[in-house]
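To start, the structure itself, in structure tokens.
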Amino acid sequence: MSLHPLLEAIASRLLQGETPLASREEAEAFGLLPRSLNPDLFALAGLARARFAKPVFTCAIVNAKSGRCPEDCAFCAQSARHRTDAPVYPLADADTLFRKAAAAAACGAARFGIVTSGTALSDRDLDSLCASAEALRARVDIALCGSLGMLNRERARRLRQAGFTSYHHNLETARSHFPAICTTHAYEEDLASLACARAEGLRVCSCGIFGLGESWAQRAELLETLAEAEVDSLAVNFLMPVPGTRMEGHPRLEAWEALRCVALARLTNPARDVVVCGGRLATLGAVDSWVLAAGANGLMTGDYLTTRGSGFESDQRMLQSLGLR
């Protein structure tokens, strides 16, 4: 039996080492292929990971400042517009960040992301965080990533000088779908933050949340935007509907669809890191490890911002079972 013509075209480019592996139009069509082709889709994405990507790694995050965010993102438990059980607390101190980073490093995480709620840090919080980062890097051998809201060149430069090597800032969804998800800032502000991080020499991590009611065409649109922005890493998340948010009644993606999103991220951005983050365990369950076969080369391990994730030990066991640890 021969491959589907679209998959055969992608396979041919893959064998020749050509990029991109899939055009915008092909990416849209990819999402609508019959479910019976899923094994072939995942196999192609897995081969693309082997051909273009770096080895498998894990990263961890800490919710370093939680709640009372003025943005109105429809999915977010930390938005002040929603009534949720998400914790509310100020910026964590240096000792707390050190303990969290040391625990992540001890469990093999390559990167440690410091995440704060809000549109952007205050000047006072930025000063405090930079001081904490300098102290942390002197004591823990782990790469630091900031996820601190909107960014300008000056702030990006300060973070780099303090020891941060990466900056994470999600676009959340496609430009055409963004007004249905967030109305408190413009999409261009998010893209500008990515550009500022890159201009100051930071590694750039960005993607979004799949399952926000977007179409496959809009998923292809988001992934094309990320390719054009030349992000270094795609942080793939799946919606976990939180009670009290505008999306509390929204259905979760089925596992096969979530895995297809991972595969599409790999095929549209073949040489970038594809890291599966929020919603992984809740969405994929028993087929959690399939994300690697579907093209991912990174996993966020430990807990997420306001919800439990797959524990360090559980992820270590999974990776060991696959011969990766």
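Just so you know, all these numbers are worked out from the coordinates, no wet-lab data involved. Bear in mind that the values here come from a model prediction, so they are computed numbers and not experimental data. Cβ placement follows ideal geometry from the backbone for every residue including glycine, while neighbour counts extend to all protein chains displayed.
Cα centroid separation, segment 216-240 to segment 113-154: 24 Å. For the chain, the longest principal axis of the C-alpha atoms and the axis of helix 187-199 are separated by about 80°.
Using Cα-Cα distances under 8 Å and only pairs 6 or more residues apart, what relative contact order does segment 1-78 have, in percent? It comes to 27 percent, rounded to a whole number.
Between 0 and 90 degrees, rounded to the nearest ten: what's the tilt of helix 312-321 against the longest Cα principal axis of the chain? Roughly 30 degrees between the two axes. Note on Ser314 and Val287: their simple-model spin labels are 1.8 nm apart, each label 7 Å out from Cα toward Cβ.
For Leu6 and Asp123, the difference between the fully extended length at 0.36 nm per residue and the C-alpha to C-alpha distance is 37.0 nm.
Only Cα pairs under 8 Å and 6+ residues apart enter the sum, and on that basis the relative contact order of the chain stands at 23 percent.
Seen against the Cα atoms of the chain and their longest principal axis, helix 94-106 is set at about 30 degrees.
Measuring max minus min along each principal axis, the C-alpha atoms of segment 174-228 give extents of 34, 24, 15 Å (largest first). Three semi-axes describe the equivalent ellipsoid of segment 104-242; taken as square roots of 5 times the Cα gyration tensor eigenvalues and ordered largest first, they are 27, 16, 14 Å. Placing +1 on each Lys and Arg Cβ and -1 on each Asp and Glu Cβ, with no other charges, gives the chain a dipole about its Cα centre of roughly 700 debye. In segment 27-112, the inverse of the mean reciprocal separation of distinct Cα atoms equals 17.1 Å; this is its Kirkwood hydrodynamic radius. Label-to-label distance, Asp93 versus Glu134, with points set 7 angstrom from Cα along the beta-carbon direction: 1.9 nm.
Taking the Cα centre of segment 222-320 as origin and assigning +1 to Lys and Arg Cβ atoms and -1 to Asp and Glu Cβ atoms, the resulting dipole is close to 240 debye.
When Phe210, Phe98 are sorted by how many other C-beta atoms sit within 10 angstrom of their C-beta, beginning with the fewest, the order is Phe98, Phe210. All Cα-Cα distances of the chain, cut into 20 Å bins from zero to the largest, leave 33, 60, 7, 0 percent in each bin in turn.
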